[in-house]
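The values are calculated or read from the model by the stated rules, or taken from the named source; none is laboratory data. Note that the structure is a prediction, hence the values are computed from the model and not measured. Here the Cβ positions follow ideal geometry from the backbone for every residue, glycine too, while neighbour counts run over all protein chains shown. Surface accessibility is based on the protein's heavy atoms, side chains included, excluding ligands, DNA and RNA. Shrake-Rupley method; radii C 1.70, N 1.55, O 1.52, S 1.80 Å.
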Amino acid sequence: QVQLVESGGDLVQAGGSLRLSCAASGSIFRISGMGWYRQAPGNERELVATTSGSGISNYAGSVKGRFTISRDNAKNTVYLQMNSLKPEDTGVYYCNAGVQTANGGPWKYYWGQGTQVTVSS
């Protein structure tokens, strides 16, 4: 079993910053891609940023230049540094990771429970 636990969500004023963390634990042999997604009320879940196993990052256009994704492979943790926050960044932020639980085993994608980010105007 694999668990992803997010933290760092909070209420912040527009223009402020937050840093989200997501730690993976459990029966982990290898982690490939990790990413952040968000869901605002009434909207579908959308991609925010991803980072591949080789460290290549990808961002949604709406956050490019303001958010930075990074990872610490030794800690099985992915981070999302969010600067210049806007009210439209409000939502529940979910972590996602592709995990192999045994050498040669199948890859599965896991989700965290989400952390709330609220940006006030």
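Within the accessible surface of the chain, defined with a 1.4 Å probe on protein heavy atoms only, the carbon and sulfur portion equals 47 percent. The 1.4 Å probe gives accessible areas that order PHE29, PHE67, largest first, as PHE29, PHE67.
As an exercise, take the mean of 1/r over every pair of distinct alpha carbons in the stretch 8-61, invert it, and state the Kirkwood radius in angstroms. Taking the inverse mean of 1/r over all distinct Cα pairs, the stretch 8-61 comes out at 13.5 Å.
For ASP72, ASP89, ASP10, what's the largest-to-smallest order of accessible area, 1.4 Å probe? Numbers along the way, then the final one.
Values: ASP72 45, ASP89 0, ASP10 85 Å².
From most accessible down to least: ASP10, ASP72, ASP89.
Scaled to the globular estimate 2.2 N^0.38 Å, the Cα spread of the stretch 77-121, given as radius of gyration, is 1.60.
Using a Gaussian network model of the chain in which every pair of alpha carbons under 10 angstrom is joined by a spring, one finds that among ILE31, ILE69, ILE56 the greatest mean-square fluctuation is at ILE56. A simple rule links phi to the HN-Hα coupling: the Karplus curve 6.51 cos²θ - 1.76 cosθ + 1.60 with θ = phi - 60°, which for the stretch 104-109 gives x, x, x, 8, 10, 9 Hz, with x for Gly and Pro. In this simple spin-label approximation, ALA40 and ALA74 carry label points 7 Å from Cα along the Cα→Cβ vector, and these lie 3.9 nm apart.
Projected label points at ARG19 and LEU47, each 7 Å from Cα along the beta carbon direction, are separated by 2.6 nanometres. Averaged over its residues, the chain has an accessible area of 52 Å² per residue, based on protein heavy atoms and a 1.4 Å probe.
Provide the gained length on full extension for the span SER62 to SER7, in nm with one decimal, where the gain is 0.36 nm per separating residue minus the Cα-Cα distance. Show your work: numbers first, answer last.
Details: separation 55, 0.36 × 55 = 19.80 nm, distance 2.21 nm.
Gain in length upon complete extension: 17.6 nm.
What's the long-distance tail for the chain, i.e. % of Cα pairs beyond 21 Å? Summing the P(r) of the chain above 21 Å gives 34 percent of all pairs.
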